[in-house]
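Worksheet for the structure shown next.
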4 protein chains.
Amino acid sequence: MPKKLNTILNTAVLEAKNNSDGKSASYIPELESVDPETTGVAVLMTDGSRYEAGDGQDLLITLQSTAKVAVLASMLEEFGSQKVYSWVRVEPSGDDFASIARLDQFGPLPSNPMLNAGSISLCSHIPGNHEQQLHWLEQWIEKLYGTQLKINNKVYASERRTGDRNRSLAYLMKSTNVINGDVDNILENYFYLCSFEATLKEIAYFPMLLANKGVSLDGERILSIETVRQVISIMATCGLYNESGAHLVRTGLPAKSGVSGLIMAVIPNKGGIAVVSPRVNRKGTTIRGSLMLESISNAMGWHFAA
Amino acid sequence: MPKKLNTILNTAVLEAKNNSDGKSASYIPELESVDPETTGVAVLMTDGSRYEAGDGQDLLITLQSTAKVAVLASMLEEFGSQKVYSWVRVEPSGDDFASIARLDQFGPLPSNPMLNAGSISLCSHIPGNHEQQLHWLEQWIEKLYGTQLKINNKVYASERRTGDRNRSLAYLMKSTNVINGDVDNILENYFYLCSFEATLKEIAYFPMLLANKGVSLDGERILSIETVRQVISIMATCGLYNESGAHLVRTGLPAKSGVSGLIMAVIPNKGGIAVVSPRVNRKGTTIRGSLMLESISNAMGWHFAA
Amino acid sequence: MPKKLNTILNTAVLEAKNNSDGKSASYIPELESVDPETTGVAVLMTDGSRYEAGDGQDLLITLQSTAKVAVLASMLEEFGSQKVYSWVRVEPSGDDFASIARLDQFGPLPSNPMLNAGSISLCSHIPGNHEQQLHWLEQWIEKLYGTQLKINNKVYASERRTGDRNRSLAYLMKSTNVINGDVDNILENYFYLCSFEATLKEIAYFPMLLANKGVSLDGERILSIETVRQVISIMATCGLYNESGAHLVRTGLPAKSGVSGLIMAVIPNKGGIAVVSPRVNRKGTTIRGSLMLESISNAMGWHFAA
Amino acid sequence: MPKKLNTILNTAVLEAKNNSDGKSASYIPELESVDPETTGVAVLMTDGSRYEAGDGQDLLITLQSTAKVAVLASMLEEFGSQKVYSWVRVEPSGDDFASIARLDQFGPLPSNPMLNAGSISLCSHIPGNHEQQLHWLEQWIEKLYGTQLKINNKVYASERRTGDRNRSLAYLMKSTNVINGDVDNILENYFYLCSFEATLKEIAYFPMLLANKGVSLDGERILSIETVRQVISIMATCGLYNESGAHLVRTGLPAKSGVSGLIMAVIPNKGGIAVVSPRVNRKGTTIRGSLMLESISNAMGWHFAA
């Protein structure tokens, strides 16, 4: 397989490069400053074997919304599903990542934890005082990614500066008692979460951990099987907002996108993939990244369904 | 496994019987006349082994919305995905099975083929004149269920009598040129589709066929692998309307519900399950049926994700 | 006043002719065939004095949605407000004239009788068998316009041919028991209503009748004061769909628009105005007609509020 | 008239007292502490004659949302309609007073200045620094009510404490650049505005001023005729949120409600009315107050339309 997979990854990168649709997210200067041609992929199998193709392998990329999976997994592990699902539902919403209309009409609970509102709700329940909450996030990120990740402080500052829509979501949830406590602190948790940065191969570790049923490469159980099942299911139905359905049809890989041009995807029972390319469509999904995943999944027969 | 599975099925039936929430669909007399205590399950593995538990095994149950999967699979096979996805999208909608608001606001294409609107759209593209279209449906049903199924004429008549909301959906799609041709005929196709009836073990055949990558128990290829992948993915994200997300989290089984109290579910690569129990919740899902699937999946470790 | 008003009308026409925005409604050939430059106004005061300016004075124009006011007034007169408001509400909807989403989400009763859904609901309650219903409409039209009006049969045929969105609205209301009976007949009532045609000065008679508190120029009471108050109020808040608010701010004249480029407007206690010009905006309102009303109202001090 | 009007007012109060539907707003302790049986009315005619009936005449009542009319009138006077309508539209929304869904779907501009969002938008454009803004509000309130009004500091504090939904609206508008500047300050303007308090007869002064075409009882022009026309029109179509249509049909009086159980209403060209009774319906409208206005308007023939 190694040889075959290397060839397939290289082909996927080359083909994806023919597409120049979309554009880099511009609301944060740090995102716009990445070379829009960057097109890379990293794969980590549950046997520990690693593959990569394309460029950007040494680039530090902010996790952005892909980190929503981390807080979901951590909270499930820490509080159990009953508690967690009293804070957020798990239904694909049919709406975009920051729909306030949806929350107002179908709430008070956010539709799912892959949406901004849902992740903010979870971030409001992280245990401890504010410093402890940030520390809690750092520790869980380390566990889930198998290594310590750092915050990109510029991105963190930018998120805070441009976060008015998220503030609107948070105050709406506060007005309906979905969240409690200080909205500024809660949003700082959320912005902090989005601002962790890592290389592609570091990012591929977390979906590999999920594919490996929650057990690390060292054989340590990090997540329970129940958490793993739930997290992968939610990625499958909600991971790409209102493109989740089409994504699963085309790739068969439960995944989560981030506006930095990232997608991390789980190959159930087999491994994890991370792709990056900054040009995103209007729904915030990396276009080349999505094409690469489709190409790789088809060539490898990694579609979950058959 | 046989012994273990039999025990698990029986346990699932027994546990489910403790729940008497919900009530039988009443808009059609034939649905209301079934004994609401009926609680049965049938499993068909890809090796041809069969298991069953509970009652209702000889009951003829109308497929209702579970048949939407059949027309989707047939149309994909007959016209290919590009054509089919010009008639319907594949996104979970976040709304209920017959939402007109959603179609009006986010259309003109219906969100997905598991919704009434989406299935009606597909039914408008069945090839041939009206008689040929009904015949086409019969033939595909025979292929997908591995046996000839008959129409329940009373249900068919009742569907037509009570179908005003579906007429509204159809005329809305006609006004936006999503469907063409005679609305009455198109809806008759759709009502016909919903009115096929079968026993539980006959119903379990179709998800088994999907689990078996489209190959019949006789070794004949009925559906291409591409069709199978797409159909199972769409069941995973959209099969239970705005409960699809929670269903996948809890059971890990791509599935499709019907208001007759049916759910048919795919155990990827392993087999098919059909459950029945008439009492449905407000979203039209059989409550006991859903509980049985969760119990069986957990006990057998059939969750797709791990 | 006569001299002054004549000058003001001529000025209003001239000024309006500077604007060539919008375009003629094209869904019906008969609407598109009218010269788009047509720009006319007719005023009828409660003392019987008549004024006109611009062209199109001899043109027969189909009433289209302006006739919705006629069926509202007739039904209020015939059944009283309590009955009528069990068939339709009287709230501006904030949505467009044929919004199905609104009806689905905020129904089952249509928001107001100036919307297609609301008028269709009223048309379903016209007394008698189908022939009697059409006759009933003819008789009320004669009373309210002070003269017999004829149906434009080509427009009637076109309305029926292109009425799928209205069929969708009607079937949705039938599914929620807002309307009963044969949907085809009900819609024929509605299409019939929209297809009456008249000259501008004939059209100005009805709003004059309303301004005259329901008493005809011959001194005959046609409508009760209660009906008049309600009808004018509903025109004020709902007459121009989701432009009603801006229209009232700018002109102060309760009014009703029609896609044929008509607006009929009430000058409370003073008289009626009819304007026509075929180019309509995206909300179906005649652009030049709207400008003329604003200009005339301002120059004459006819704003209802001061 | 005086005698007749006194009788009519007393009758209206007595009749209204038969109705005990609804309940006092409870989100603010100060509102809930008012005796729910309080039922009063004050009328001020443009000739300076005053009438009153019922109790609560000496009660200081916070203006709440009725004060939205004051900031609208002031801003129109200060900036002109073109500027003001670049900050807010003037369409009835069909939704409730604090709908965020509406703003998210149909924005970015709020539908009208009688909604919370619309009034907050105007409050963001009050000239000067924060202290000057509060002072500006005080001065305009004095002009429009003909006397200096004071802030109820407890209500002001409560509004700030419970204002999360308004914060959500404000941040949503900030995210779309509808408002700029410091959200906390903008909301303090808005909460300050809602916290002015006055007696019924003081409150009746402002609608009298509008009825008197913007001229004070002393003969001083406070508002231009253009401002008066626009303000009354907006009250007519939007003053009672999604009950505005029914209110105008029943009373014919352009009006504005407040959650303190107030309605202030304009009798065009004749005078102003203020009613109070704390029990409000689910849309925030005083039930007895609404009944009193209907009774008085009908008895006096004050319906604007005839």
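Among the residues of the stretch C:192-236, those identified as within 12 Å of D:ALA305 (Cα to Cα) and β-branched (Val, Ile, Thr) are C:ILE225, C:THR227, C:VAL228, C:VAL231, C:ILE232, C:ILE234.
Do the conditions hold for C:ALA98, that is, is it hydrophobic (A, V, I, L, M, F, W, C), over 26 Å from C:VAL43 (Cβ atoms) and within 11 Å of another protein chain (Cβ to nearest Cβ)? For C:ALA98, the condition - hydrophobic (A, V, I, L, M, F, W, C), over 26 Å from C:VAL43 (Cβ atoms) and within 11 Å of another protein chain (Cβ to nearest Cβ) - is met. Among the residues of the stretch D:161-178, the one identified as in contact (Cβ under 8 Å) with a residue 24 or more places away in the chain and more than 10 Å from every other protein chain (Cβ to nearest Cβ) is D:VAL178. With respect to the conditions (1) surrounded by fewer than 24 Cβ atoms within 10 Å (Cβ to Cβ); (2) touching a Ser or Thr at 6+ places or on another chain (Cβ under 6 Å), D:ARG250 lacks only one, and its number is (2). Considering the stretch B:129-152 alone, what residues qualify as being within 19 Å of the chain's Cα centre (by Cα) and farther than 26 Å from B:SER224 by Cα? If the condition is that a residue be within 19 Å of the chain's Cα centre (by Cα) and farther than 26 Å from B:SER224 by Cα, then B:ILE151, B:ASN152 are the ones that fit. Yes or no: D:VAL231 within 14 Å of chain C (Cβ to nearest Cβ) and in a helix (DSSP H, G or I)? When the stated conditions are applied, D:VAL231 passes them. Taking (1) part of a helix (DSSP H, G or I); (2) surrounded by fewer than 22 Cβ atoms within 10 Å (Cβ to Cβ); (3) within 14 Å of chain C (Cβ to nearest Cβ) in turn, D:ASN185 satisfies each apart from (3).
Has the stretch C:193-208 got any residue that is within 14 Å of chain D (Cβ to nearest Cβ) and in contact (Cβ under 8 Å) with a residue 40 or more places away in the chain? Yes, that holds for at least one residue.
Here is a check on your reading of the model: is A:GLU202 touching a Phe, Trp or Tyr at 6+ places or on another chain (Cβ under 6 Å), closer than 25 Å to A:ILE287 by Cβ and surrounded by fewer than 22 Cβ atoms within 10 Å (Cβ to Cβ)? The answer is yes for A:GLU202. For the stretch C:212-227, a tally of residues being out of contact with any helix residue (DSSP H, G or I) (no Cβ under 8 Å at 6 or more places or on another chain) and either surrounded by fewer than 16 Cβ atoms within 10 Å (Cβ to Cβ) or assigned to a helix (DSSP H, G or I) (or both) returns 5. Considering only the stretch C:60-71, I want to know if a residue exists there that is part of a loop (DSSP other than H, G, I, E, B) and either surrounded by 21 or more Cβ atoms within 10 Å (Cβ to Cβ) or touching a residue at least 24 places away in the same chain (Cβ under 8 Å) (or both). Yes, the stretch C:60-71 contains a residue that is part of a loop (DSSP other than H, G, I, E, B) and either surrounded by 21 or more Cβ atoms within 10 Å (Cβ to Cβ) or touching a residue at least 24 places away in the same chain (Cβ under 8 Å) (or both).
Among the strands (runs of 3 or more DSSP E) confined wholly to the stretch A:253-306, which include 3 or more residues that are within 14 Å of chain B (Cβ to nearest Cβ) and in contact with a helix residue (DSSP H, G or I) (Cβ under 7 Å, 6 or more places away or on another chain)?
A:262-267
For A:ALA246, the stated conditions hold: it is of a type in the set (A, V, I, L, M, F, W, C), within 12 Å of chain B (Cβ to nearest Cβ) and more than 19 Å from A:PRO113 (Cβ to Cβ).
Yes/no per residue for (1) surrounded by fewer than 15 Cβ atoms within 10 Å (Cβ to Cβ); (2) in a helix (DSSP H, G or I); (3) not hydrophobic (A, V, I, L, M, F, W, C):
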| residue | (1), (2), (3) |
| --- | --- |
| B:GLN132 | yes, yes, yes |
| B:SER158 | no, yes, yes |
| B:ARG167 | no, yes, yes |
| B:ASN180 | yes, no, yes |
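For the criterion of being farther than 26 Å from B:ILE234 by Cβ, among the hydrophobic types (A, V, I, L, M, F, W, C), touching a residue at least 60 places away in the same chain (Cβ under 8 Å) and in contact with a Gly (Cβ under 8 Å, 6 or more places away or on another chain), B:LEU44 fails. The set of residues from the stretch C:37-55 being within 20 Å of C:ALA25 (Cα to Cα) and either surrounded by fewer than 23 Cβ atoms within 10 Å (Cβ to Cβ) or not assigned by TED's automatic domain parsing to the domain that holds C:GLY261 (or both) comprises C:GLU37, C:THR38, C:ASP55.
Each residue in the stretch B:115-126 was checked for being closer than 21 Å to C:ALA101 by Cβ and either more than 13 Å from chain C (Cβ to nearest Cβ) or not in a helix (DSSP H, G or I) (or both), and 4 pass.
Taking the criterion of being buried (at least 24 other Cβ atoms within 10 Å of the Cβ), under 11 Å from the mean Cα position of the chain (by Cα) and either over 14 Å from C:ALA70 (Cβ atoms) or of a type in the set (D, E, K, R) (or both), the residues of the stretch C:258-272 that qualify are C:SER260, C:GLY261, C:ILE263, C:ALA265.
Taking the conditions (1) at pLDDT 95 or above; (2) of a type outside the set (Gly, Ala, Ser); (3) under 27 Å from D:SER26 (Cα atoms); (4) over 16 Å from the mean Cα position of the chain (by Cα) in turn, D:ARG161 satisfies each one other than (1). In this structure, B:ALA299 does satisfy being out of contact with any Cys (no Cβ under 7 Å at 6 or more places or on another chain) and surrounded by fewer than 24 Cβ atoms within 10 Å (Cβ to Cβ).
Quick check on my filter: what residues within the stretch D:101-114 are within 11 Å of chain C (Cβ to nearest Cβ) and either modelled with pLDDT of 95 or more or assigned to a loop (DSSP other than H, G, I, E, B) (or both)?
Once the filter is applied, which keeps residues that are within 11 Å of chain C (Cβ to nearest Cβ) and either modelled with pLDDT of 95 or more or assigned to a loop (DSSP other than H, G, I, E, B) (or both), the stretch D:101-114 yields D:SER111, D:ASN112, D:PRO113, D:MET114.
D:GLU220 passes every criterion in (1) out of contact with any strand residue (DSSP E or B) (no Cβ under 8 Å at 6 or more places or on another chain); (2) in contact (Cβ under 8 Å) with a residue 60 or more places away in the chain; (3) more than 10 Å from chain C (Cβ to nearest Cβ); (4) not hydroxyl-bearing (Ser, Thr, Tyr) apart from (2). Among residues that are farther than 30 Å from C:ALA98 by Cα, free of Cβ contacts under 8 Å to residues at least 12 places away in the same chain and in contact with a helix residue (DSSP H, G or I) (Cβ under 9 Å, 6 or more places away or on another chain), B:VAL231 is not included. Against the conditions (1) among the small types (Gly, Ala, Ser); (2) out of contact with any Phe, Trp or Tyr (no Cβ under 9 Å at 6 or more places or on another chain); (3) farther than 21 Å from B:ASN269 by Cβ, B:SER74 satisfies every one except (2). In the stretch A:73-85, the count of residues that are at pLDDT 95 or above, surrounded by fewer than 23 Cβ atoms within 10 Å (Cβ to Cβ), on the phi < 0 side of the Ramachandran plot and not in a helix (DSSP H, G or I) is one or more. If the condition is being buried (at least 24 other Cβ atoms within 10 Å of the Cβ) and in contact (Cβ under 8 Å) with a residue 60 or more places away in the chain, then the stretch C:86-103 contributes C:VAL90, C:GLU91, C:PRO92, C:SER93, C:GLY94, C:ILE100, C:LEU103.
The values are calculated or read from the model by the stated rules, or taken from the named source; none is laboratory data. Treat the numbers as computed from the prediction; the structure is a model and nothing was measured. Methodologically, a virtual Cβ is constructed for each residue, glycine included, from the backbone with ideal geometry; neighbour enumeration extends over all protein chains shown.
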